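A short reminder: the numbers here are calculations on the coordinates, not readings from a lab. As the structure is a computational prediction, the values presented were derived from the model and not from experiment. Positions of Cβ are backbone-derived with ideal geometry, glycine not excepted, and every protein chain shown enters the neighbour counts.
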């Protein structure tokens, strides 16, 4: 085998369908577009979701629910998780920036503390929100809480 006698495998290469090149080609006359109608004309394009006059699926489906554009979602941490994370990652303080550096939250996440469990370590906490129970527990433990 040399370069000059290489060729593709049998049946691997197909000739393109030559449309509208006379009756002898087998694709002459209407050029495989059928007789008359919108789709037979040149420049035909169908819109996405068009179902030929049938009511489209996006209009047949009922509307459901409501998306509140003003909803504020927080990344939630409980008091028991704070102690665990401070020990595991040796956090100097509990802030969104420190949490982001350690891969615990995304850059734009808002952080909220809830009061499940109890906090033992004295640590500086700066968060976007905290529940009333969490505020009491943090103050009782001797930690400082600052709202951003």
*In deg cm²/dmol, rounded to 500, what helix-only [θ] at 222 nm does the chain give when every DSSP H run of at least 4 residues adds -39500 (n - 2.57) and the total is split over its residues?*
-5500 deg cm²/dmol
*In what sequence, highest mean first, do 50-56, 110-116 appear when ranked by Cβ atoms within 10 angstrom?*
110-116, 50-56
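If each residue of separation counts as 0.36 nm, what is the full-extension length gain between residue 66 and residue 108 once their alpha-carbon separation is subtracted?
12.7 nm
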*Could you give the nm distance between label points at residue 30 and residue 126, where each point is 7 Å from its Cα heading toward the beta carbon?*
7.4
_Output the 0 to 90 degree angle, nearest 10, between the alpha-carbon long axis of helix 132-141 and the longest principal axis computed from the alpha carbons of the chain._
50
*asked:* Pick from 11, 65, 29 the residue whose mean-square fluctuation is largest in a GNM of the chain, springs joining Cα atoms under 10 Å.
replied: 11
*Please find, in a Gaussian network model of the chain (springs between Cα atoms separated by less than 10 Å), the residue of 95, 32, 73 whose mean-square fluctuation is greatest.*
32
_the chain: angle of helix 79-89 to the longest principal axis, Cα-based, in degrees nearest 10_ = 80
*Relative to the present Cα-Cα distance, how much length would full extension add between residue 118 and residue 41 at 0.36 nm per residue of separation?*
20.3 nm
_Less than 12 Å from a label point 7 Å out along the Cα-to-Cβ axis of residue 97: which backbone N atoms in region 105-137 qualify, by residue?_
126
*asked:* Pick from 129, 137, 12 the residue whose mean-square fluctuation is largest in a GNM of the chain, springs joining Cα atoms under 10 Å.
replied: 12
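How long is the gain from residue 76 to residue 9 if the chain were fully straight, where each residue apart is worth 0.36 nm and the alpha carbon distance is subtracted?
Stretched fully, the residue 76-residue 9 segment lengthens by 18.0 nm.
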